[in-house]
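Participant: This structure is in structure tokens; I'll ask about it shortly.
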Amino acid sequence: MESMFEFLFKYRPLIFERGDFMFSAPWPIYLAAVAGVAFVVPTLLLYSRARGKSRPIDRGVLSVLRTLVLALILFSLFRPVLMLSTVVPQKNFLGILIDDSRSMRLADVNGAPRSSWIQEHFGVEDSRMLRGLADRFILRFFRFSSSAERIDDVSTLEFAGDKTDLGRALSRARQELASVPLAGLVLLTDGADNTHKSLEEPLLALRARSVPVYTVGLGQQKFPRDIEVSRVETPRSVLQGASLVVDVTVTQTGYSGTSVDLIVEDDGRIVNIQRIELPREGEVATVRIPFKATEPGPRIFGFRIVPLDGEVVTENNEQEALIVVEDHREKILYFEGEPRWEIGFLRRAVRDDANLEVTLLTRTADNKFYRILFDDPDEELVGGFPSTREELFGYRGLVIGSVEASFFTLDQLRMIADFVSQRGGGLLMLGGRRAFAEGGYAGTPIADVLPVILDESDPDSGFLAEIQVDVTPAGRTHPITQIAETIEESAKRWKDLPPLMTVNRITRVKPGATTLLKGEGPGISDQVVLAYQRYGRGKSLVLPVRDVWAWQMRTPLEDMTHETFWRQLLRWVIAGVPNRVRVLPVADRATLGEPIELIGEVEDDTYLKVNNTSVVARVTAPSGVVDSIVMDWNVDRDGEYRATFVPREEGLHKVEVSALEGGEVLASDASYVQVGDSRREYFGSEMQETTLRRIAEETGGRFYTPASVSTLPEDISFTESGTTVIERRDLWDMPVIFMLLVVLISVEWSYRRMRGLV
Amino acid sequence: MKRLIVLLLLLVVTAPLEAQRRRRRDRDRVEDSLGNVEYGHEFTFVRLQYTPAFGPSWNPGWRHDYPYAERNFAKIVEAVSYVEPYLGGSNILRLDDPELFKYPLAYLSEPGYWTMNEAEADGLRNYLLKGGFLIVDDFGEWDWQNFELQMSRALPELRPMRMDMRHAIFNSFFDIRDIEFPYSYRGVAEFWGYFEDNDTKKRLIAIVNYKTDIGEFWEFSDTGFVPIDLTNEAYKLGVNYLMYAMLH
């Protein structure tokens, strides 16, 4: 198409895009009008007076045709030109940015690595491309991956970078060439940026300096055959023995409908295998796969699909996730308003769970409480239910049983709501005659927190129903409700469990809440049995039944459903509950020498943000070398502190952040960062034409592929950046003008012949 | 010597009990028609029925003190605590009845006459190991051998262990300070327990009221035939047993 255009109009479209059109006749432009009148008016008069066999319409058609012929001749006589700004040879610099990341090793075009095209055209001095550019510009080469720097010899590139940071590369080249006349930048890359950073800022800076970027996209825009485990969503930390259900995102091309095994490994040990069917072309499949985190400490979990024959990239068949498996006790306060069977059975269900510490406070009679504690029995809960935020916020989870709302003071009710929203704790309310609407909770601050809508209850209604519990679609794959090895077995198992009793009629959940278990019974079809919602920083759950213990007493002795359910439920209640001090590495993986940003958040014992205190990060390298880094308060965000460290060795680094007061550690938190080789370069590694086009278009450059890049040296020379001169290109001799003249005269002649006017 | 004097005095005071036993036979016949109640309340008293080894079929040991003992006990539980007991009746169930597993506390009377078939032995084992709690009451020295034999059929790995004041069950609601509980013709009560893994620090799954009969005190608590102080202690023990079973 472009060659046809060039044949007709003499120049390539780019010349017309870049040039300014004007007439360059040596006489003034008003003469054009005079000449037009002098030629056209007599022509029209002559045609209008002519008679003979002609009709008015014939005269009209012939007048128009003749006028067009005259207009074309006049157009050419006035010498139309394009004024182009072109660079002065060897007076301008050109930055050539070469992607040095691993994805350039992919051999997805004719079996040759992407990097081979770069070496062929830019790594050899006498290549046509390099000569074409070197004749016009002073060349400066840059390599980039996670960082960018000047290089002198392209042939020495190893294409081993672990990351592609286009924004950093563009900014670095712009800054380095800021003091010289810069004609533009050439970006040789697949465009597969994996930093997830916006390009807005670097492109804005380039636009401001009028630096066009010419992008050359290397590699295939779409692989013919490939499977990619593109994303895995895992929590940063879990309690030892936790049941996890992880979302794994899988995409593919060329293998629609094929069944493959998705394998989960814990530091190399297979913990689950699930058969999945690959999605259709262009679709994304999200697979939920359950497994248990049994070994304590920082663990690398792998999620992989065994490569199939013919895959272009096999390295993207596996994703890894760093999960810290915590092995310590988490405190939960279980407050009951009346002695009942659920208490003992719940406690027994979780007593062998070394990571759960359920402290029990039961009101056995008026002003009479029974405590079962783990530590500090002389002081903990001696005054009954906590009356201060400090005391309540010391727990991570709160279970409220059958106790009426009026038992609590208004301040305590607000405190419980704050426990969820401000402290980020987990709240679970159990069913009972004094719970929910029956306990007078409608209209209280706790009602706002709960995921269900409490209707006004008639205390005398005596609602009592036996319901068969079943799992909802959301519950089928939720970690709380996984009571068998596989999702299918678990769903089947729910249908076989004994029925439960409820005295709380609850059928409606709030928008945003999720129902995991529902119940049916005589005349009841929509009883909520287990539901949750996020509320502020925490979460709330409801379990409006009163005898979950039936799953213990009325199932076979060896059946562990009851224990499994309570453990998973309570573990989920406290999962992700924040500490007073939190450390958040921006990424859990990094490469050697790559700066790692640390964010620490600090709160006091009532979970209010603490500003401008002393916060220190201790980074322990695998060799045992410890770096202490003072973290600076980020004045833009309350309670947030930041620091950066650069790893000097590979392996697992422990990052411990502590808040200090007078040299004493008030609170601390730890996290981990894995430093070493990364496979991220192989994910989303197809050539990203959209990104590269955007970079080119927003900066005034142009996008090329290896097939269209031959005109690059000439194209870049038509620029207004750098040291330029104005060049004039004639248009009067465009073939299209002469072709039009021939066509118009031929049409006129044919018309006359047809009408017998010759 | 002092203990003997106390026992003699008690014998005099509680002499009317024997006469009361005769009256009770008539009342039991009437109450037989009560029948079991439907599941649905937090606490419903369950009395275990078994086939007695010997004795009169019209007044088997498992039924002694029925139904007034459980009725009165339920009333006291409701009066002193926040437990929600069912006041309108109670249940009589056999150990091999699946319904038993809806009620985590069961009461067994006069185990000296107790027999079990295999299904019942399995039922008792499952009941206790899953989380059920058993109160054994109303038997004396010559009954112990049969009781221990029957228990060993259900739980051969466990053995009864003598309990003392320090156990949590004696403080789970009422703070009981003395468990040397005198009982008319059987002397001073002894409390034995069956513990998970024979470990007294673990859960108590059955409490054995040996040489006493707290059910009898419950039964006659509204008649004036038994001393109030001893009746109070019997109720305290019962309420504590229930609390322990529910909370532990």
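Participant: Return the only residue of A:Arg702, A:Arg680 being in contact with a Phe, Trp or Tyr (Cβ under 8 Å, 6 or more places away or on another chain), of a type in the set (Lys, Arg), in contact (Cβ under 8 Å) with a residue 12 or more places away in the chain and buried (at least 19 other Cβ atoms within 10 Å of the Cβ).
Facilitator: One residue alone meets the criteria, A:Arg702.
Participant: Something else now. Restricting attention to the range A:498-527, report how many residues are more than 26 Å from B:Pro104 (Cβ to Cβ), of a type outside the set (Gly, Ala, Ser) and either touching a Pro at 6+ places or on another chain (Cβ under 8 Å) or not assigned by TED's automatic domain parsing to the domain that holds A:Thr472 (or both).
Facilitator: Count: 3.
Matching residues to (1) touching a residue at least 12 places away in the same chain (Cβ under 8 Å); (2) in a helix (DSSP H, G or I); (3) under 23 Å from B:Tyr244 (Cα atoms):
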site: B:Glu120; (1), (2), (3): yes, yes, no
site: B:Leu124; (1), (2), (3): yes, yes, yes
site: B:Asp138; (1), (2), (3): yes, no, yes
site: B:Asp143; (1), (2), (3): yes, yes, no
site: B:Asn146; (1), (2), (3): yes, yes, no
site: B:Ser152; (1), (2), (3): no, yes, no
site: B:Arg159; (1), (2), (3): yes, no, yes
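Participant: Let me ask another. With respect to A:Thr251, determine if the residue is part of a loop (DSSP other than H, G, I, E, B), under 30 Å from A:Gly310 (Cα atoms), outside the structural domain of A:Ala474 (by TED's automatic domain parsing) and not aromatic (Phe, Trp, Tyr).
Facilitator: No.
Participant: Hey, another quick one. Output yes when any residue across the range A:371-383 is touching a Phe, Trp or Tyr at 6+ places or on another chain (Cβ under 9 Å) and at pLDDT 95 or above, and no when none is.
Facilitator: no
Participant: Residue check, A:Val382 against (1) surrounded by 13 or more Cβ atoms within 10 Å (Cβ to Cβ); (2) away from chain B (no Cβ under 14 Å), all met but one. Which one?
Facilitator: (1)
Participant: So, B:Ser152, is that one among the hydroxyl-bearing types (Ser, Thr, Tyr), away from every other protein chain (no Cβ under 14 Å) and within 27 Å of A:Thr555 (Cα to Cα) or not?
Facilitator: For B:Ser152, the condition - among the hydroxyl-bearing types (Ser, Thr, Tyr), away from every other protein chain (no Cβ under 14 Å) and within 27 Å of A:Thr555 (Cα to Cα) - is met.
Participant: Which residues, taken from the range B:207-245, are surrounded by 24 or more Cβ atoms within 10 Å (Cβ to Cβ), small (Gly, Ala, Ser) and either more than 14 Å from chain A (Cβ to nearest Cβ) or at positive phi (or both)?
Facilitator: Residues satisfying the conditions are B:Gly215, B:Ala234.
Participant: Can I ask one more? Could you check the range A:650-758 for helices (runs of 4 or more DSSP H) lying wholly inside it with 3 or more residues that are over 22 Å from A:Gly184 (Cα atoms)?
Facilitator: Answer list for the range A:650-758: A:735-755.
Participant: When you look at A:Ala437, is it outside any loop (DSSP other than H, G, I, E, B), surrounded by 17 or more Cβ atoms within 10 Å (Cβ to Cβ) and under 39 Å from the mean Cα position of the chain (by Cα), yes or no?
Facilitator: no
Participant: Please note which helices (runs of 4 or more DSSP H) are completely contained in the range A:1-90 and include at least 2 residues that are under 52 Å from the mean Cα position of the chain (by Cα).
Facilitator: Working: elements: A:2-9, A:13-18, A:30-49, A:56-77.
Hits in the range A:1-90: A:2-9, A:13-18.
Participant: Give all pairs with beta carbons closer than 6 Å in which a residue from the range B:182-197 that is more than 27 Å from B:Gly132 (Cβ to Cβ) meets a residue that is of a type outside the set (A, V, I, L, M, F, W, C); count only pairs at least 6 apart in sequence or on separate chains.
Facilitator: B:Ser184/B:Thr14; B:Gly187/B:Lys211; B:Val188/B:Glu180; B:Val188/B:Pro182
Participant: With respect to A:Glu488, determine if the residue is more than 14 Å from chain B (Cβ to nearest Cβ) and more than 29 Å from the chain's Cα centre (by Cα).
Facilitator: For A:Glu488, the condition - more than 14 Å from chain B (Cβ to nearest Cβ) and more than 29 Å from the chain's Cα centre (by Cα) - is met.
Participant: In this structure, does A:Ala354 turn out to be buried (at least 22 other Cβ atoms within 10 Å of the Cβ) and either more than 12 Å from chain B (Cβ to nearest Cβ) or under 43 Å from the mean Cα position of the chain (by Cα) (or both)?
Facilitator: Spelling it out, it is not the case that A:Ala354 is buried (at least 22 other Cβ atoms within 10 Å of the Cβ) and either more than 12 Å from chain B (Cβ to nearest Cβ) or under 43 Å from the mean Cα position of the chain (by Cα) (or both).
Participant: Additional query: Return the residues of the range B:161-191 that are in a loop (DSSP other than H, G, I, E, B), surrounded by 13 or more Cβ atoms within 10 Å (Cβ to Cβ) and away from chain A (no Cβ under 14 Å); say none if nothing qualifies.
Facilitator: Keep residues of the range B:161-191 that are in a loop (DSSP other than H, G, I, E, B), which gives B:163-167, B:172-181, B:189.
After this cut, where a residue has to be surrounded by 13 or more Cβ atoms within 10 Å (Cβ to Cβ) as well, the list is B:163, B:167, B:172-174, B:176, B:179, B:181, B:189.
Across the range B:161-191, the qualifying residues are B:Met163, B:His167, B:Ile176, B:Ile179, B:Phe181, B:Ala189.
Participant: Please list, ordered by first then second residue, the pairs with beta carbon atoms under 6 Å, 6 or more apart or interchain, first in the range A:585-603 and in the same structural domain as A:Ala670 (by TED's automatic domain parsing), second of a type in the set (Phe, Trp, Tyr) and crowded, with 18+ Cβ neighbours inside 10 Å.
Facilitator: From residues that are in the same structural domain as A:Ala670 (by TED's automatic domain parsing), the pairs are A:Ile596/A:Phe645; A:Gly600/A:Tyr641.
Participant: For the range A:722-742, indicate whether the set of residues that are polar (S, T, N, Q) and over 30 Å from A:Lys53 (Cβ atoms) is non-empty.
Facilitator: Yes: the range A:722-742 contains one or more residues that are polar (S, T, N, Q) and over 30 Å from A:Lys53 (Cβ atoms).
Participant: Please pick out the residue among A:Arg546, A:Arg508, A:Arg534 that is basic (Lys, Arg) and within 14 Å of chain B (Cβ to nearest Cβ). First the steps, then the outcome.
Facilitator: On the way: A:Arg508 fails: within 14 Å of chain B (Cβ to nearest Cβ); A:Arg534 fails: within 14 Å of chain B (Cβ to nearest Cβ).
Sole residue among the options that is basic (Lys, Arg) and within 14 Å of chain B (Cβ to nearest Cβ): A:Arg546.
Participant: Moving on. Tell me the residue from B:Leu134, B:Leu105, B:Leu100 that is within 14 Å of another protein chain (Cβ to nearest Cβ), under 18 Å from the mean Cα position of the chain (by Cα), surrounded by fewer than 20 Cβ atoms within 10 Å (Cβ to Cβ) and modelled with pLDDT of 95 or more, please.
Facilitator: Among B:Leu134, B:Leu105, B:Leu100, only B:Leu105 is within 14 Å of another protein chain (Cβ to nearest Cβ), under 18 Å from the mean Cα position of the chain (by Cα), surrounded by fewer than 20 Cβ atoms within 10 Å (Cβ to Cβ) and modelled with pLDDT of 95 or more.
Participant: Quick one: in the range A:312-338, of everything that is in a strand (DSSP E or B) and within 14 Å of chain B (Cβ to nearest Cβ), which residue is farthest from the chain's Cα centre (by Cα)?
Facilitator: A:Glu336
Participant: Name the residues in the range A:277-311 that are farther than 20 Å from A:Arg236 by Cα and either without any contact (Cβ under 8 Å) to a residue 24 or more places away in the chain or within 24 Å of the chain's Cα centre (by Cα) (or both), would you?
Facilitator: Once the filter is applied, which keeps residues that are farther than 20 Å from A:Arg236 by Cα and either without any contact (Cβ under 8 Å) to a residue 24 or more places away in the chain or within 24 Å of the chain's Cα centre (by Cα) (or both), the range A:277-311 yields A:Glu277, A:Leu278, A:Pro279, A:Arg280, A:Glu281, A:Gly282, A:Glu283, A:Val284, A:Ala285, A:Ile305, A:Asp309.
Participant: Taking the range A:491-546 only, how many residues are part of a strand (DSSP E or B), surrounded by fewer than 17 Cβ atoms within 10 Å (Cβ to Cβ) and touching an Asp or Glu at 6+ places or on another chain (Cβ under 6 Å)?
Facilitator: The total comes to 1.
Participant: Let me ask something additional. Pull up the range B:34-71, narrow it to residues that are part of a strand (DSSP E or B) and more than 14 Å from chain A (Cβ to nearest Cβ), then point me to the one that is surrounded by the most Cβ atoms within 10 Å (Cβ to Cβ). Before you say what the answer is, go through the steps one by one.
Facilitator: Of the range B:34-71, the ones part of a strand (DSSP E or B) are B:43, B:46-49.
From what is left, the residues that are more than 14 Å from chain A (Cβ to nearest Cβ) are B:47-49.
Working: B:Arg47: 22, B:Leu48: 25, B:Gln49: 19.
The residue in question is B:Leu48.
Participant: Among the residues of the range A:278-300, what is the count of those that are under 18 Å from A:Glu228 (Cβ atoms) and buried (at least 17 other Cβ atoms within 10 Å of the Cβ)?
Facilitator: Result for the range A:278-300: 4.
Participant: Looking for something of a type in the set (Phe, Trp, Tyr), touching a helix residue (DSSP H, G or I) at 6+ places or on another chain (Cβ under 7 Å) and within 14 Å of chain A (Cβ to nearest Cβ) - is there at least one such residue anywhere in the range B:72-94? Working first, answer last.
Facilitator: Taking the range B:72-94 as the starting set, the residues that turn out to be of a type in the set (Phe, Trp, Tyr) are B:73, B:82, B:86.
From the residues that got through so far, the ones that are touching a helix residue (DSSP H, G or I) at 6+ places or on another chain (Cβ under 7 Å) too are B:73, B:86.
Filter once more, keeping what is within 14 Å of chain A (Cβ to nearest Cβ): B:86.
Scanning the range B:72-94, I find at least one residue that is of a type in the set (Phe, Trp, Tyr), touching a helix residue (DSSP H, G or I) at 6+ places or on another chain (Cβ under 7 Å) and within 14 Å of chain A (Cβ to nearest Cβ), so the answer is yes.
The values are calculated or read from the model by the stated rules, or taken from the named source; none is laboratory data. This one's a predicted model, so the numbers in the text were calculated from it and none came from an experiment. Quick reminder, even Gly has a Cβ in these numbers, built from the backbone with ideal geometry, and neighbours come from all protein chains shown.
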